[in-house]
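The structure under discussion appears below in the form of structure tokens.
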Amino acid sequence: MQEMSLIIAPCDDGLPVRRLALERLHMSYGQFKRAKFDGALMLDGERVRADKRVTAGQRLVICLPQRRGAGCEPCQLKLNIPYEDDDLLVIDKPAPLPSVSSRKRDAATLENAVYCYFGCPEGFLYRPVNRLDKGTSGLMVVAKHSHAQQLLQSRLHGDAFRREYFAVCDGLPPAREGIVDLPIAKEDGATIRRVVSDQGKPARTHYRLLETGAGRSLVRLTLETGRTHQIRVHLQALGCPVTGDFLYGREHMALPNRFALHSCYLRLLTVQNGWIEINSPLPGELHMLL
């Protein structure tokens, strides 16, 4: 069970427990409601009500009830973890590796590898904050408990959770840098394929050309929004699809079961430990395409 604590500051003297939980500990309303009904609000070691007013110097402790998972298959896969704390993991995911397990896949998924990394605990629940396609490599965040997942996901696509990507593309973008501002929708009749459509949701992608070679280009991209397949759809719309992208371009023999997209940079405000900044270099097999 995850425990959150707070020493009451003088400026918070007299405030109710409910307000401190929501504003200081950044709990969601749902989390606080579950903790309240479970009797998990403790002030100096004694159970209290949500409207209990606190005094400076007291210690508030809230125990978060954890949902139980439905079971997972262990996968002995060595993970590249450039950062870890009590709340989260940052994993440099290889490709092709699915981020999430399903009935259609065997045990070789990131979800099952994380389950094994944690020691195959009973009731394990996988909590990805962001996800990468099977064919995309690079930095991905996995939370260790529900509060961290809720808080970090609330920061996605804001200044407190900044991600950038490398993509090797077939052809050249129309300018050395620019913004693709095209709405994206699910293609009619398709299972996963997306298209640019006036009926779609807003999507904005910033790109900058870094290098060219062998009829291809290396671009660095930043997302303002997080639509499914956003980079892949927007680069196709520019006329320079991601190399090896079987869905929006064409496959490449040198990239079996993956394409040339890599999550290369993460700047993140963690739950307790302040800012972290992590870089992941372009994999060698992608740079060779140039």
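The values are calculated or read from the model by the stated rules, or taken from the named source; none is laboratory data. Because the structure is a prediction, the values reported are computed rather than measured. Note that we place each Cβ from the backbone using ideal geometry, even for glycine, and neighbour counts take in every protein chain shown.
So here's what we get for this one:
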quantity	calculated
Qualifying residue in region 142-150 (condition: of a type in the set (A, V, I, L, M), in contact with a helix residue (DSSP H, G or I) (Cβ under 7 Å, 6 or more places away or on another chain) and surrounded by fewer than 22 Cβ atoms within 10 Å (Cβ to Cβ))	yes
Which listed residue, of ALA160, ALA167, ALA143, ALA148, is modelled with pLDDT under 90 and in contact with a strand residue (DSSP E or B) (Cβ under 7 Å, 6 or more places away or on another chain)	ALA148
Restricting region 159-168 to residues that are of a type outside the set (Ser, Thr, Tyr) and crowded, with 18+ Cβ neighbours inside 10 Å, the residue that is nearest to ALA214 (Cα to Cα)	VAL168
Subset of region 261-290 [under 17 Å from the mean Cα position of the chain (by Cα) and without any contact (Cβ under 8 Å) to a residue 60 or more places away in the chain]	TRP275, GLU277, ASN279
Filtered residue count, region 115-152, keeping only those that are more than 13 Å from the chain's Cα centre (by Cα) and more than 24 Å from PRO256 (Cβ to Cβ)	14
Qualifying position, being of a type in the set (Gly, Ala, Ser) and in contact with a Lys or Arg (Cβ under 9 Å, 6 or more places away or on another chain), among GLY123, GLY158, GLY119	GLY123
Sole exception among (1) on the phi < 0 side of the Ramachandran plot; (2) in contact (Cβ under 8 Å) with a residue 24 or more places away in the chain for GLY123, by number	(1)
Residues satisfying the stated conditions in region 72-87, i.e. in contact (Cβ under 8 Å) with a residue 60 or more places away in the chain and part of a loop (DSSP other than H, G, I, E, B)	PRO82, ASP85, ASP86, ASP87
Qualifying positions in region 12-54 - within 19 Å of GLN149 (Cα to Cα) and aromatic (Phe, Trp, Tyr)	TYR29, PHE32
Residue pairs meeting the criteria (Cβ under 6 Å; at least 6 apart or on separate chains; first on the phi > 0 side of the Ramachandran plot, in region 232-260; second among the aliphatic types (A, V, I, L, M) and at pLDDT 95 or above)	GLY244/ALA260
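Rundown of residues vs (1) in contact with a Phe, Trp or Tyr (Cβ under 9 Å, 6 or more places away or on another chain); (2) surrounded by fewer than 18 Cβ atoms within 10 Å (Cβ to Cβ); (3) on the phi > 0 side of the Ramachandran plot, yes/no style:
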{"site": "ARG127", "(1), (2), (3)": "no, no, no"}
{"site": "LEU152", "(1), (2), (3)": "yes, no, no"}
{"site": "HIS157", "(1), (2), (3)": "no, yes, yes"}
{"site": "ASP170", "(1), (2), (3)": "no, no, no"}
{"site": "PRO173", "(1), (2), (3)": "yes, no, no"}
{"site": "ALA185", "(1), (2), (3)": "no, yes, no"}
{"site": "SER197", "(1), (2), (3)": "no, yes, no"}
{"site": "HIS206", "(1), (2), (3)": "no, yes, no"}
{"site": "ARG227", "(1), (2), (3)": "no, no, no"}
